[in-house]
Every structure is written in structure tokens, then in C-alpha cells.
1. How high is the FRET efficiency between Val11 and Asp32 when r is their beta carbon distance and R₀ equals 30 Å, given to the nearest 0.05?
2. By count of other Cβ within 10 Å, fewest leading, how are Asp32, Asp48 ordered?
3. What FRET efficiency would be calculated for the residue pair Thr4, Lys67, taking the C-beta separation as r and a Förster radius of 22 Å, to the nearest 0.05?
4. Provide Val11, Val43, Val53 in ascending order of the number of other Cβ atoms located within 10 Å of each residue's Cβ, fewest first.
5. Under a straight-distance cross-link criterion of Cα-Cα below 20 Å, which lysines are reachable from Lys52, leaving out those fewer than 8 residues away in the same chain?
6. At most 11 other Cβ atoms within 10 Å plus a DSSP loop assignment makes a site exposed; report the longest stretch of the chain without any exposed chymotrypsin sites (Phe, Trp or Tyr not before Pro).
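Nothing in this text is a laboratory measurement; each read-out follows from the coordinates by a stated rule. Note that the structure is predicted; figures quoted are calculated from it, not measured. Here Cβ is always computed from backbone atoms with ideal geometry, including for glycine, and neighbour counts include all displayed protein chains.
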Amino acid sequence: MKITRLRIGLVGPEDPRDEEHNYYAEAIEDGDRFFYRANGFTVEITADQHRKVIGNPRLHYFSTALKLHYRIKRAKEGN
């Protein structure tokens, strides 16, 4: 199992008080399965999403990090 710790954040100046948009996450590779863990929730992702979120952990239009950010947010809300 390989775990890559990521600093997820907004593009531009970071406000350390903005915990919703600036936080740590983990991209996990376990054999041929991939996961993304943030804010106490883990979701299964594709190999391509895994590669992309490691390459660009910024929250901006069309980024994989932004898509996963909202996926985790929905999971937290129970949707």
C-alpha cells in the first residue's frame, strides 16, 4: 500500500483560516485499487483520478481535486 499525502487548496493566496478549502488529503494506492481520503471520509477512485489529483492538488474549475472535494462533501452530508 502506498499513501501520498497532499495539501489541497485554492489557486492563489491561501487563507490558513479557510479549513473548508485548504486541508490535507491522502491518495492511496492498494494494488490495483485507488482511494482518496479527506476530512474523515474515504472514497474509491480510478487510477486516472489518482494520478491527476497527485499531479494537481488545486481546487479550480475542472480539476480532479475539485471534483473529489465535492464528492467528499456530499459523502459527509449523507448524499
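1. Computed FRET efficiency for Val11 and Asp32: 0.40.
2. Listed from fewest to most nearby Cβ atoms, that is Asp32, Asp48.
3. With a Förster radius of 22 Å, E is 0.80.
4. Taking fewest neighbouring Cβ atoms as first place, the list is Val11, Val43, Val53.
5. Partners found: Lys2, Lys67, Lys73.
6. Result for the longest clean stretch: 1-60.
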